[in-house]
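Below: the structure, in structure tokens.
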Amino acid sequence: MNLRRPHALGPHHLVEGFDCGKTALNDWLLRHARKAQNSGSAKTFVVTDGDRVTGYFSLTIGQIDILEAAEHIRQEIGYYPVPVVILARLAVSTLYQGRVIGLGLLKDAIRRTMMMAEHAGIRAMSTHPIDEAARFIPALSPRRS
Ligand SMILES: CC(C)(COP(=O)(O)OP(=O)(O)OC[C@H]1O[C@@H](n2cnc3c(N)ncnc32)[C@H](O)[C@@H]1OP(=O)(O)O)[C@@H](O)C(=O)NCCC(=O)NCCS
């Protein structure tokens, strides 16, 4: 194994055959991530083994309704929408799951969000974990951010 820490998805990365067990997350990487990367609508960062993608996450920017935010954020911001970085997707290939790659990706997403928050009005990271994966990302859903 020759794992490389999270870095931006590029043209040389091999995504074919990526399978995390969730079709929608596979399809995003295989069909949409590069287009989004080039258009600037979402940025994807990958962990690779050689050039093969073993895990990825995608970030975009958005806002959540103030009523969806945690009480302390409501009090600080008032009545405006809350600007957030959205962790839109996070997945690890089934061949590599259970090796702390997912946790590493999550930490990197948080680190990048904090860097962005130094230069723009970002109040939180938001995500909508699918079904059982909600336990993997316990502290980031909008009501708790
Ligand atoms: C969820 C996912 C990203 C985790 O990646 P991973 O590399 O296997 O996870 P890690 O090895 O970093 O695990 C870190 C911790 O999270 C736990 N964990 C992993 N997957 C989990 C899940 N689906 N639900 C709850 N906890 C989970 C692990 O048990 C581990 O806890 P521990 O340190 O107490 O043992 C990966 O299983 C995956 O891609 N699943 C399919 C796609 C998916 O559900 N994505 C999330 C969408 S929101």
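The values are calculated or read from the model by the stated rules, or taken from the named source; none is laboratory data. Note that the structure is predicted; figures quoted are calculated from it, not measured. Cβ atoms come from the backbone with ideal geometry, glycine included; neighbour counts cover every protein chain shown.
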Working only within region 89-101, note down all residues that are out of contact with any Cys (no Cβ under 8 Å at 6 or more places or on another chain) and either at pLDDT below 95 or within 8 Å of the ligand (Cβ to nearest atom) (or both). 89, 90, 96, 98, 99, 100, 101
Please go through (1) assigned to a strand (DSSP E or B); (2) touching a residue at least 40 places away in the same chain (Cβ under 8 Å) for residue 58 and return the number of the only condition it doesn't satisfy. (2)
Top-ranked residue of region 102-111 - restricted to ones that are farther than 22 Å from residue 51 by Cβ and among the charged types (D, E, K, R), ranked as farthest from the ligand (Cβ to nearest atom): 111
Qualifying positions in region 16-69 - of a type in the set (Val, Ile, Thr) and either more than 19 Å from residue 87 (Cβ to Cβ) or at pLDDT below 95 (or both): 23, 48, 64, 66
Among the listed residues 3, 30, 9, 14, which satisfies the condition of being within 15 Å of the chain's Cα centre (by Cα) and among the aliphatic types (A, V, I, L, M)? 9
For residue 26, work out the one condition from (1) under 20 Å from residue 113 (Cα atoms); (2) surrounded by 12 or more Cβ atoms within 10 Å (Cβ to Cβ) it doesn't fulfil. (1)
Tell me whether region 41-57 contains one or more residues that are surrounded by 16 or more Cβ atoms within 10 Å (Cβ to Cβ), over 27 Å from residue 1 (Cβ atoms) and touching a Ser or Thr at 6+ places or on another chain (Cβ under 9 Å). yes
Scan region 130-145 residue by residue and report those that are closer than 12 Å to residue 86 by Cβ and either within 14 Å of the ligand (Cβ to nearest atom) or at pLDDT 90 or above (or both). 140, 141, 142
Of all residues making up region 61-96, the number that are outside any helix (DSSP H, G or I) and out of contact with any helix residue (DSSP H, G or I) (no Cβ under 7 Å at 6 or more places or on another chain): 13
